[in-house]
1. Would you say T65 is in a helix (DSSP H, G or I), of a type in the set (S, T, Y) and out of contact with any Cys (no Cβ under 8 Å at 6 or more places or on another chain)?
2. Condition first: touching a residue at least 24 places away in the same chain (Cβ under 8 Å) and in a loop (DSSP other than H, G, I, E, B). Can you find one or more residues in region 96-109 that meet it?
3. Whether any residue in region 39-59 is exposed (fewer than 13 other Cβ atoms within 10 Å of the Cβ), at pLDDT below 55 and small (G, A, S) is what I want to check.
4. Taking the conditions exactly as written (assigned by TED's automatic domain parsing to the domain that holds A120, touching a residue at least 12 places away in the same chain (Cβ under 8 Å), among the aliphatic types (A, V, I, L, M) and surrounded by 19 or more Cβ atoms within 10 Å (Cβ to Cβ)), does V193 satisfy them or not?
5. Enumerate the strands (runs of 3 or more DSSP E) found wholly within region 241-286, keeping only those where 2 or more residues are under 15 Å from V151 (Cα atoms) and at pLDDT 90 or above.
6. Among strands (runs of 3 or more DSSP E) lying entirely in region 113-170, which contain 3 or more residues that are over 27 Å from the mean Cα position of the chain (by Cα) and touching a residue at least 24 places away in the same chain (Cβ under 8 Å)?
7. Which residues, taken from region 181-193, are modelled with pLDDT under 90 and either under 25 Å from V165 (Cα atoms) or of a type in the set (G, A, S) (or both)?
Amino acid sequence: MRIHKLSISIVLLTALIGFSVACSKRSSDDTIAKDIQDKVAADPDTKDSQVNVAAKDGKVTLTGTVRTPAAQQKVEQIAKQEPGAAGVDDQTSVQPNAMAAAQPAPPVEKPKPQPIVVPAGTTLTVRVGQALSSKTSQPGQTFLATMAQPVSVEGRSAIPAGSTVSGTVVSAQAKGKFKGEGELTLALTSVTVKGHTYTIQTSSLSSTAKGKGKRTAATTGGGAAGGALIGGLAGGGKGAGIGALVGAGVGLAGGAMTGNQQVEIPAESALSFRLSAPLTLSPPAE
């Protein structure tokens with residue numbers, strides 16, 4: 001009888017000890033879960049996460065959602081560092097919209113500036129920097145000029161006023177060398193815009209003196225002969241204004257002829273040429 005009572009006592013004691021150990025483990029798991037939950041809520045990197053923490057026999061399970069991959073890593077790190085945690089099963093997921101926001105936006109490429117094309121037929125009005133004459137100028141001689149008027153294309157500045165222009169004397173005939181007439185033909189060859197020099201092609205500008213007090217002017221390559229001259233010749237004296245050619249649309253301005261049939265173009269005279277081929281300029285610097 002005593003032996004039977006002793007066996008029952010041992011069984012009850014064992015059950016009591018097991019129950020106590022189980023309660024102790026449950027209490028430890030609850031503490032682990034609560035500590036992790038509190039740390040996640042307090043950490044500035046993870047406080048906005050919706051994370052649930054459960055622990056069983058020291059193994060921690062994380063569920064819920066976090067805002068960013070970095071926050072997900074931080075939550076798992078907090079759980080692994082918790083005293084008493086035997087392992088971590090991270091089942092959290094990153095919010096889809098947060099994933100998209102975390103990706104860096106692709107760089108927006110600015111549209112590349114396009115070159116400026118000055119179309120054929122555009123008039124270039126220049127002011128010559130030296131005197132030119134059918135008597136003293138030589139074929140192939142170069143001369144310098146500056147743009148007297150700016151040129152724009154579709155509202156964009158193409159060739160500013162004051163840009164340097166180079167030209168050439170195509171032909172020069174003094175009196176007695178060509179049926180007693182004085183003849184002078186000019187063309188532009190290049191223009192410098194913002195430090196870049198561009199080769200250009202223009203129609204030739206020609207002026208011929210025929211007999212005292214008479215003069216004709218035209219642009220070669222299909223240009224019309226001059227009609228009435230704006231400004232007149234003021235009696236044909238040297239230095240008289242020649243003006244622009246009516247009808248041709250291009251011509252000499254400020255030139256004159258002498259009484260012995262020489263074509264004279266004083267320095268600072270304004271001359272108008274027409275581009276015979278398009279001019280492509282580099283895109284403007286940003």
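The values are calculated or read from the model by the stated rules, or taken from the named source; none is laboratory data. Since this is a predicted model, take the numbers as computed values, not measurements. Cβ atoms come from the backbone with ideal geometry, glycine included; neighbour counts cover every protein chain shown.
1. No.
2. Within region 96-109, none of the residues are touching a residue at least 24 places away in the same chain (Cβ under 8 Å) and in a loop (DSSP other than H, G, I, E, B).
3. no
4. Numbers: assigned by TED's automatic domain parsing to the domain that holds A120: yes; touching a residue at least 12 places away in the same chain (Cβ under 8 Å): yes; among the aliphatic types (A, V, I, L, M): yes; surrounded by 19 or more Cβ atoms within 10 Å (Cβ to Cβ): yes.
Here the answer is yes, as V193 does meet what is asked.
5. Details: elements: 263-265, 270-274, 279-281.
The strands (runs of 3 or more DSSP E) meeting that bar are 270-274, 279-281.
6. On the way: elements: 116-118, 123-128, 142-147, 151-153, 156-159.
Where strands (runs of 3 or more DSSP E) fall fully within region 113-170 and carry at least 3 residues being over 27 Å from the mean Cα position of the chain (by Cα) and touching a residue at least 24 places away in the same chain (Cβ under 8 Å), they are 123-128, 142-147.
7. Selection gives G182, E183.
Per-residue answers, yes or no, for (1) assigned by TED's automatic domain parsing to the domain that holds G195; (2) over 30 Å from Q37 (Cα atoms); (3) touching a His at 6+ places or on another chain (Cβ under 7 Å); (4) at pLDDT 95 or above:
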{"residue": "E109", "(1), (2), (3), (4)": "no, yes, no, no"}
{"residue": "V128", "(1), (2), (3), (4)": "yes, yes, no, yes"}
{"residue": "S133", "(1), (2), (3), (4)": "yes, yes, no, no"}
{"residue": "L144", "(1), (2), (3), (4)": "yes, yes, no, yes"}
{"residue": "V165", "(1), (2), (3), (4)": "yes, yes, no, yes"}
